[in-house]
Structure formats: structure tokens, C-alpha cells
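The numbers here are math on the coordinates, done by the rules we state, and not lab data. Because the structure is predicted, anything quoted here is derived from the model rather than measured. Because the Cβ atoms are built from the backbone with ideal geometry, glycine has one as well, and the counts that use them run over all protein chains shown.
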Amino acid sequence: METVLAFAIGGLYALGLYLMMRRSIVKLIIGLAILANAANLLIFTSAGLTRGRTPMIGAQETAVRGPVADPLPQALVLTAIVIGFAVLAFTAVLLKRAYQTVGADDLDEMKATDT
Amino acid sequence: MKFLLVLPLLIPLTTAALCLLAWRRARVQLWLCVAGAAALLVTAAALLMAVWQNGILATQPGNWPAPFGITLVADLLSAILVVLAALMGVLVTIYSGATIDSRRIAFGYYPILQILLMGVCGAFLTGDIFNLYVWFEVMLMASFVLLALGGERAQLEGAIKYVTLNLLASTLFLSASGLLYALVGTLNMADLAVKLQGAPHSGLITTLSMLFLVSFGIKAGLFPLFFWLPASYHTPPFAVSAIFAGLLTKVGVYSLIRVFTLIFVGDTEYSHTIILVLSALTMLSGVLGALAQNEVRRILSFLIISGVGFSVMGLGLLTEAGLAASVFYIIHSIIVTTALFLISGVMRRCGGGEELRKLGGLYAAYPLLALLFLLPALSMAGIPPFSGFIGKLALLRAALESGQYTIAAVALVVSVLTLLALTRIWSEAFWKEAPEIDESKLAFQPQTLFPIATLAALTVLIGLGAGPVWTLSQRAGEQLSNPSQYVRAVLGDGKAEPKVAATVAGGQTP
């Protein structure tokens, strides 16, 4: 399963980066979204996939028994999803304003500030 | 004593909240922010004193013991940078009071500036890689809004590049943190240092360190990852440019120094040689870019990049003297770049433009302004007796001591070229006759003078009385080159000894 996901994540990174290098700002934002999710999936997978074993400590015990899912990466992914969502919302508004101001959805039209 | 570590985060947050309560009252917001930033400065100074007297301070705000809880750590480098961030906060807020238009203030300019300060302080004080990511995002979000606020075409175009490349850097950072956790099983920096100490020489760890180098390199503006910086820093209002120029790239530099002195010190032959080469290329490409530009802020943007090269040079050398010199140079660089960007705002107002050919005659019209430009400009180029001279001298000496003659030569050439780039601004904007088109010269605002004069005085003072600042930098460099102090402060005694990190290769299975 990890192997399959590894290839999927690699594909997502490639797709995200490819879309970001296109001229259209719509593709840029889709690329950013895919890239953020690829990173989340990477964290989730790299910590190891454990199925059906919650990290709960029994009533009479002081430590978890046996191999259990590591909750920390899931907490990290949760935080990253929230941050990613907020950032994506901001980017969408920014790109919409840029589209309205410049009058084009083409990044090649937005080179006035380049050096 | 431990509350001193939390206050630099709480004070800006509270100030921002209070500003939201005074939403429509610009003057109230301004004074709230000046008071908030001044309180931050006092706290930061107290923190620096405490760290100076008692060594590295650490605390666990959630009361979960490290490495499980959230850790805040202040060593001398962090404390110095928090003091400087607070100082820039005070001065830029005062400058903003005179220069930021009411439309931007109506959309929350002041509270966002405070949030930016909180993000910067958080990044300096955190002791956990993932928290560093979160503070980066806080800082970035605030900087995105400040950059785009106003909605002028140039601002939006610059913001798109800034946002995209910084988000890419964040994603790489996040991926690298996830992989690091999978490899080592912890994200607490001190714990990482312990677990990676004496770990078997592993290509995976080196690869990960390079991922961190790229993501922090984008944020710091290292060669060849800096192209977002000159494309965006000249577009927002001058106060925003100034605080970005002073602080944001330095957060990237700080992260590089932290990670590459504490965590990734296993294969220094490889990683730190790359950093040294990148630092030389960054200095050189920054200054060459500056020579090719014809607008004041574009020239200064490229000079920031050149300064970043100097700031990481000591890290590449990885000697105690080198790190101390880097700390000194960072202190100098924050003060001087902020000063120059603030002055460029006054030049724009008095001279009526930003392009060099449209400017002229400023020396005849405003001799005081010319003096205030000259002091930080000479300091940036490294002319004695200003702070830049001491910083560059220390870096050169460290480079010569460790036998890196090439980087020393590059640094010398870059210093001369920096002087050339700044002389161009001087001769075009100040010395040259005023051009024919002399429509409505705007008034010179006295409020903007105070922050600039403070910074100019600081660079002269640090240059003339370098002793105390140099001692401070030396102690900071000593702490950076002995990670065991940091580890002991965070994890308590007994854990600082190197352990055989058996868990490193196989990943963790709880």
C-alpha cells in the first residue's frame, strides 16, 4: 500500500508543479492546491500506515500495547490542511483581484514588476 | 522568568485585538501599535538580559514535558533577533503613521503589522520544527496581506510571485518536516539534535537537509532562489518594504543557522560547503543585479540579497568565529537595510520619483536627508567606522582563519561593488542637478525623520563602540557552536550526552 501511495504522491507533486508552471492563473491555483495535498498525503504515508489500531490506553494500563497508529502525523496533517485551506482562499481572492485589475488570466501579462 | 518567552507572542496578539476594537479610529490604532511595539521592545530587552545572565531559557507552555509538548526556547541569537524585530516594529509603526494612506488603514493595516511581528517573534522563539512551519505561515499570511493591501496593479503582480514561491517553499518545508518525523520520530529541535548526534552516516539525512536548505533558501533569498524578492519588494508602500527588507529574509537566515548548527551537523563537509558556495554566489549575484537597476528600491532589493549572502557566510564556515561574525552581520544588516528603505520613501516624497534619472538635487534641497542616507549607505558598503565595517572585518578574519581564501576575495570584491551601487544612488539622486521637470515638490515630513535618524545613529554607535555588541555576538556564536547547551536547556540535564541513535534508520514504531 505504501508503494502505491508513494507513486501517487510523486504523481501529485509532478502534476502540481507542472500546473504551477503554466501561464494561466487558474492552473496556478489548482497546482498549488494539489501540491499542498500531496504534502499532506506524504506526511500521512511516511509515518506508516496502520489499519484499525487506535492509540488508546486501556483503563488499567499505563502504556499502549502492540503496534498502533501514530496520532502525531495525523495531527500535523490536520493543522496543515487548515493552514493550506486558509492560504488557498487568500490566493483565490488575490488572483481574482489580479484578473480584474490586469484584465487577463495570463501570467505573461503580469511582468511589469519583474527585473 | 519563563513568562518572558511567552510575552513576545502575547503582546502583539493583544495589540492586534485591541486595534480591531478601535477599527475606525486611525489615530487610536497608531498609538496602540506604537505602545504595543514599545512594550514588546521592553520585554525583548528583558529577555535578552535574562538570557545573557542565565544562559539559554526554555519553557513548555502546555506543561507537557519536552520533546512532547510545545517548546519555546531563547538562546542569545533568538533574543537578539526578537529585540531587533521589536525595534523595527516601533520605528516602522511611527513611520507608517506619517506615510500610510487612510484607505489602507481602514482595511486593517495596523493589526496586520502586529500579527506580522508576532509571526516573526514566534519563528525566532520556537523550539520545534513543525511550530516553526506554523509561525512561518502566520508571518507569511500577514505579509501577503500587507503586500497586496491597496490593490494597485504592480502590488498584485508582485504579490502573485511572492505568494506562489513562498507557498512552494512552505510546501517543501512541510514535506521535509514530515519525512524527518518519519525518519527520526521527533520534531523537537533539541531532541532531533540528540537523536541525530552520532547517527550512522546516512544519505537520507543529507538529502533531507538539502530539502530544508532549498525551502529556507527560498525564504531567505539565497542564490538561485531569490527571484521573488526583487519582483515584489519594490511594489508596496515604503513602510511595508522596509519591515519586509529588515526582518523577513532574516527569518529564513535564522532558520538556516538554527537547523544547520543544531540538527544537520553530521555531514558538514558536504552541506556546509554547499552553503558557503551559495553564499558567495548570493553576494555576487545580488550586487551585480543591483548595478543593473535604475530605481532606488530595486537597487536596494538586490542589495538585501547580497546582504543575505554575507549573513550565511559564517554559517558556511561553521567555526565559532564565523558564526559570531554572522550574528554581528545580521544585527547590522537588519538596521541598515530598514534605514535605507525608509529613506527611499522620503526620497520618493521629496524628489517626486523612484527612477534615478527623474531624481536629482536632493543634496542641495535637503542636506540632512543626504547625511541620513550617507551614513547607512557607507555602513552597508563596509566603510569604517560604521557597523558594516566591523561585521565584514569579522567575517573576513573568520574566512581567512579557516583557510577559505576564495570567499574572502569574493566578499571584498562584493563590498567594493556595493559601494559602487550605492554611489550611483548618491550621485544620481543627491549630487546631480535637479531635472527640469520640477512639479510640486512635496513637503518633507518631520515624523519620518525620527525612525531614520534612530537607525542611522545606531549604525554609527555600533561601529564606534563595537565592543558590547561584538561580545554579545561572540557569546551567541559560542552557543551556536555548542549545541549541547541548547539541548540541556530544553530537555534537562543528562540527555545532552550523545546516544547511539538506533531508531534513526528504521523509523519509529511506538
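Here are the numbers for the structure shown:
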quantity	calculated
Cα point-scatterer Debye curve for region B:44-110, base-10 log of I(q)/I(0) at q = 0.14, 0.17 Å⁻¹	-0.62, -0.73
Unit charges on C-beta of K, R, D, E only; dipole of region A:39-115, Debye	440
Candidate aspartates and glutamates for bridging to B:LYS2, where Cα separation is under 16 Å - those fewer than 8 sequence places away on the same chain excluded	B:ASP75
Square roots of 5 times each gyration tensor eigenvalue, C-alpha, chain A, largest first, Å	41, 16, 8
Principal axes of region B:83-214: Cα extent on each, largest first, Å	59, 32, 16
Kirkwood hydrodynamic radius (C-alpha pairs) into Stokes-Einstein, region B:210-290, 25 °C and 0.890 mPa s, D in µm²/s	182
Cα convex hull volume per residue for region A:8-63 (Å³)	93
For region B:356-372, Karplus couplings with θ = phi - 60° (6.51, -1.76, 1.60), whole Hz, Gly/Pro x	4, 6, 7, 7, x, x, 5, 5, 5, 7, 10, x, 5, 4, 4, 5, 5
Tail beyond 20 Å, pair distance distribution of region B:364-486 (Cα, percent)	59
Check: region B:108-264 dipole with +1 on Lys, Arg Cβ and -1 on Asp, Glu Cβ, in debye	160
√(5λ) per eigenvalue of the Cα gyration tensor, region B:1-43, largest first, Å	22, 10, 4
Radius 15 Å from Cβ of B:PHE130, net charge of other residues (Lys, Arg +1; Asp, Glu -1)	-3
Net charge of Cβ neighbours under 15 Å - reference A:GLN74; Lys, Arg +1; Asp, Glu -1	+1
Environment charge at B:TRP52 (Cβ cut-off 13 Å; Lys +1, Arg +1, Asp -1, Glu -1)	-1
Leading residue at positive end of dipole, region A:56-115 (Cβ point charges), from A:ALA92, A:VAL82, A:VAL102	A:VAL82
Scaled radius of gyration (Cα, divided by 2.2 N^0.38 Å) that region B:13-142 gives	1.12
Relative intensity, log₁₀ I(q)/I(0), of the protein assembly as shown from a Debye sum that treats every alpha carbon as a point, q = 0.08, 0.09, 0.12 Å⁻¹	-0.55, -0.70, -1.29
Cα-centred dipole magnitude for chain B, charges only on beta-carbon of K, R (+1) and D, E (-1), debye, nearest 20	700
Amide H contacts under 5 Å for A:SER24, placed H, 5+ residues apart	A:LEU107
Alpha-carbon Rg/Rh ratio, for region B:94-153, with Rh computed the Kirkwood way	1.07
Cα centroid of region B:371-428 to Cα centroid of region B:1-76, whole Å	34
Translational diffusion of region B:282-368, µm² s⁻¹ [Kirkwood Rh, Cα pairs; Stokes-Einstein; 37 °C; 0.692 mPa s]	230
For chain B, diffusion coefficient by Stokes-Einstein and Kirkwood Rh (Cα), 20 °C, 1.002 mPa s, µm²/s	94
Phi to ³J(HN,Hα) by Karplus 6.51 cos²θ - 1.76 cosθ + 1.60 over region B:273-290, Hz, x for Gly, Pro	5, 4, 4, 5, 5, 4, 5, 4, 5, 5, 4, 5, 5, x, 6, 5, x, 4
Averaged over B:152-165, number of beta-carbon atoms from partner chains that fall within 10 Å	6
Residue-averaged beta-carbon neighbours from other chains (10 angstrom radius) around B:167-174	6
Under 18 Å from B:LYS392, Cα to Cα: aspartates and glutamates that are on another chain or at least 8 residues apart	B:GLU320, B:GLU401
